[in-house]
Amino acid sequence: MTQTTTQTGSGTKPGQMTAVMRAMNQATGPKVLRVGVVQGGKVIEERIIKQRTHVTIGPSEKSMFVTPSKNVPPSFRLFELVGNEYALNFLDGMAGRVALKTGVSDLASLKSQAKKVSFGQVQAFQVPLSDDARGKIVVGDTTFLFQFVAAPPPQPKPQLPASVRGGFVQSIDWTTTIIAAFSFLLHFGAVGTIYSDWMDPLVNDEVDVAQILETVRSLPPPPPVEQPKETDTQPTPTSTAPAEAPKPSAGASAAKGAGGGKISDTRASAIANELNQLDMQMLGALNAAGNATAGVLDRGDVPLGLLDNAAASGAGAGLGGIAGLNLGNAGGGTVRPGAAGGGGLASIGDTQAATAASSQGAAKTVKGPTGSANVGGAAVSGGNVANASSVVAGMAAGFRRCYNRGLQADPTMKGSVRITAKIGPNGEVLSASPSGGGGLSGDVISCVVARVQSAQFSPPEGGGATVVIPVSFVSQ
């Protein structure tokens with residue numbers, strides 16, 4: 001690199017580039033901008049701008065060269081492309097030297113002949129550069145070296161070695177391939193021959209049918225079949241005995257003897273008496289526990305006509321403790337109500353003094369007081385209960401039984417009560433509290449509350465509900 005001199009106002013000074021710039025290789029041909037970055041006396045980056053464009057510096061990441069200097073705008077155009085030529089822009093505070101056609105000058109002396117340009121709020125100085133220009137610009141602790149060099153030759157595309165670039169055909173071992181091909185043909189040909197039918201003889205249907213007919217004609221005749229000998233056998237006559245007529249029952253014999261199917265009045269009366277005794281025995285045939293009898297006497301919703309008819313009839317029950325009645329007399333025979341003295345059915349009524357009236361069929365029926373329970377519509381609050389109406393309606397029979405028990409103590413008792421039931425999340429009754437109840441005894445109200453507490457509802461919506469049940473009792 002040759003040294004040049006420049007004429008300045010102060011005199012002639014020799015131009016001298018730095019050692020790093022002298023070390024840069026010079027090239028000929030179309031020139032491009034080459035920029036080197038020096039920090040701490042070492043070149044840390046070198047870049048050739050192959051296509052002409054702006055070269056920017058600054059602290060912004062969008063700059064081509066990032067510098068930590070705060071005195072430089074975020075993206076300052078150090079080398080600006082004006083038309084098709086480059087121009088150098090520098091700011092106050094930047095130092096350096098530039099070799100132009102007129103000689104080597106520092107930046108301070110170039111300010112007088114530089115053009116002033118603005119970058120936002122910052123004013124800079126602009127000096128045009130030629131392809132022979134070179135120099136260095138110091139920005140804080142960073143030095144930028146630049147010069148114009150010939151464009152590097154284009155790099156050839158990387159290519160694989162000839163041994164690798166060989167085609168698939170060249171990599172085939174033809175000897176082995178031919179041997180393997182003939183081996184496969186031989187083996188598959190043998191297998192195909194085994195499963196094919198091209199070696200089977202031809203089939204002529206006409207010839208085969210003719211051979212079958214000749215074979216059938218030459219078959220020997222079948223041997224004679226022995227016929228079974230006929231035997232003169234006559235069926236033995238079987239005597240059919242007439243079916244035995246069913247034996248008449250004792251009752252039928254008696255009826256036939258009495259008058260050819262007619263029953264006498266005495267026999268009819270005896271049969272009616274036996275039927276009445278059977279009814280009384282059925283009422284007491286439930287052993288000493290008396291489940292059904294206790295249910296009939298205890299429940300007000302069961303008709304008492306059966307007991308009334310039995311008491312009004314002239315029938316009775318046999319002695320000897322039939323079905324746990326324990327009537328007190330171990331003898332047999334018929335016992336009428338009240339005839340046992342101080343036990344058994346004596347409390348029902350004494351009929352000894354009224355034998356004549358009973359013989360004529362006259363009887364007096366005494367019926368205890370009964371009542372009815374009217375259940376109003378259930379009011380549900382707090383959450384919907386799907387089966388509230390049906391469950392409350394099913395409680396009517398239990399309410400009526402509670403009222404009938406109370407009527408045994410007070411036949412004139414009547415009144416109404418409201419039961420407030422709180423329903424749990426599973427449909428159970430958590431609590432039941434009565435309100436009102438004027439005219440009703442405490443036993444009846446307690447019985448009604450117990451019936452409500454034993455009810456089971458559907459799970460209410462929302463996890464809980466309150467059901468108010470109004471009940472009114474009226475005696476009949």
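The values are calculated or read from the model by the stated rules, or taken from the named source; none is laboratory data. It should be emphasised that the depicted structure is a prediction, and the values quoted were computed from it without experimental measurement. Glycine gets a Cβ as well: all are built from the backbone with ideal geometry, and neighbour counts include every protein chain shown. For accessibility, only protein heavy atoms count, side chains too; no ligands or nucleic acids. Shrake-Rupley method; radii C 1.70, N 1.55, O 1.52, S 1.80 Å.
Assorted remarks:
- Accessible area of the stretch 436-476 belonging to carbon and sulfur atoms, whole % at 1.4 Å probe: 51
- Whole-percent carbon and sulfur share, accessible surface of the stretch 371-428, 1.4 Å: 49
- Positive minus negative residues near residue 392 (Lys, Arg vs Asp, Glu; Cβ under 13 Å): +2
- Residue 188 accessible area, 1.4 Å probe, all protein chains in place, Å² to nearest 10: 140
- Links that overshoot a 31 Å alpha carbon limit, given the list 70/101; 31/116; 115/136; 70/136; 70/157; 62/101: 70/101; 70/157; 62/101
- Net charge of Cβ neighbours under 11 Å - reference residue 125; Lys, Arg +1; Asp, Glu -1: +2
- FRET E, pair residue 52, residue 117, Förster distance 30 Å, beta-carbon r, rounded to 0.05: 0.95
- Residue-level accessible surface for residue 275, protein heavy atoms, 1.4 Å, Å²: 100
- Portion, in percent, of the accessible area of the stretch 69-145 that falls on carbon or sulfur, probe 1.4 Å: 46
- Each peptide among 60-72, 383-395 gets the average number of other Cβ atoms lying within 10 Å of its residues, and from highest to lowest they stand as 383-395, 60-72.
- Along each principal axis, Cα extent of the stretch 110-188, largest first, Å: 97, 30, 24
- For the peptides 420-431, 106-117, the ranking by mean Cβ contacts within 10 Å, running from highest to lowest, is 420-431, 106-117.
- FRET E, pair residue 264, residue 370, Förster distance 45 Å, beta-carbon r, rounded to 0.05: 0.60
- Global form of the stretch 39-109, assessed from the alpha-carbon gyration tensor, a/c cut-off 1.5: rounded
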